[in-house]
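**Student:** Handing you this structure, nothing more for now.
The values are calculated or read from the model by the stated rules, or taken from the named source; none is laboratory data. These numbers come from a predicted model, not from an experiment. Note that each Cβ is placed from the backbone with ideal geometry, even for glycine, and that neighbours are counted across all protein chains shown.
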Amino acid sequence: MSKLLINESPLQVLPSLAVAVGLNEAIVLQQVHYWLARSTTDKGGHRWVYNTIPQWQEQFPFWSADTVRRTLASLKDAGLLVAETLSDNRFDKTMFYRIDYDRLRAIEDGILQPSEHGNVPSSEAATAGDDIDRTETTTEKSKKTRSASTPKATFNYETGKVEQLADSVVEKWQAAYPAIDVRAEIARAEAWLLANPKNRKSDLPRFLNNWLNRAQDRAPRAGGSPQPGRSFRPRPQTSFSGNSYSGTPDDEIPWLRSA
């Protein structure tokens, strides 16, 4: 018998759910539902489940940590996944998750369509007898709208600042990387970009996202311990003034070489 055939507990997902919310989102949503059914954490009349990004990734070994984060963020943007810190301790940033089953039922009933902007009613979804593939049409319209209305972030080497970075993008990053101060990390990235003008980035949002991902991995967890499998290293001491920069050379900092 082949080892590639099912001999272990499979990840299951309904095709209709994948069509409604996306394949990656459907897989994660089903797994969250699985854990919620077994959860003993109850608050506000809802069950909640907690897993770190590495723990989620263990359940989806075919995905990178970035893919897991993006999928969780997508579900939150669609209003299907609710994420909150339940501890009364303001220093405890542990993120718990639950499913908004009311919204999921509304999508199932055709009242709403999942949207990255949250609960957006869709009059098209209620129209019967239309043969158009609405999932594909809506996605294409969303891409066109975003490309037309949202300018791409750039770095101004004269001011040393990232420009045209939407607050909504920063908020999304802060939700995806709760262990760090996103705006402070962006300021550090600005200093690095200004000090390394030869390493200009053609895709600044992707560079910043990778920067934040590495910072999240290095950040201490609640209680002061580093992320599992990571050794916490303080940032090198640097100073920056005008057009001069002093500190540890870039080629001596391994995580900067890959920036």
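**Student:** Can you tell me which of (1) in a helix (DSSP H, G or I); (2) touching a Lys or Arg at 6+ places or on another chain (Cβ under 7 Å) is the one Trp211 doesn't meet?
**Tutor:** The one condition Trp211 does not meet is (2).
**Student:** I'd like to check something: does the stretch 178-190 contain any residue that is surrounded by 13 or more Cβ atoms within 10 Å (Cβ to Cβ), in contact with a Ser or Thr (Cβ under 8 Å, 6 or more places away or on another chain) and more than 18 Å from Leu72 (Cβ to Cβ)?
**Tutor:** There is no residue in the stretch 178-190 that is surrounded by 13 or more Cβ atoms within 10 Å (Cβ to Cβ), in contact with a Ser or Thr (Cβ under 8 Å, 6 or more places away or on another chain) and more than 18 Å from Leu72 (Cβ to Cβ).
**Student:** For the stretch 44-70, which residues satisfy the criterion of being part of a helix (DSSP H, G or I) and within 14 Å of the chain's Cα centre (by Cα)?
**Tutor:** Quick first cut of the stretch 44-70, residues part of a helix (DSSP H, G or I) only: 53-59, 65-70.
If the condition is that a residue be part of a helix (DSSP H, G or I) and within 14 Å of the chain's Cα centre (by Cα), then Ile53, Pro54, Trp56, Gln57, Ala65, Asp66, Thr67, Val68, Arg69, Arg70 are the ones that fit.
**Student:** Checking Leu4 against (1) at pLDDT below 90; (2) part of a helix (DSSP H, G or I), which single condition isn't satisfied?
**Tutor:** (2)
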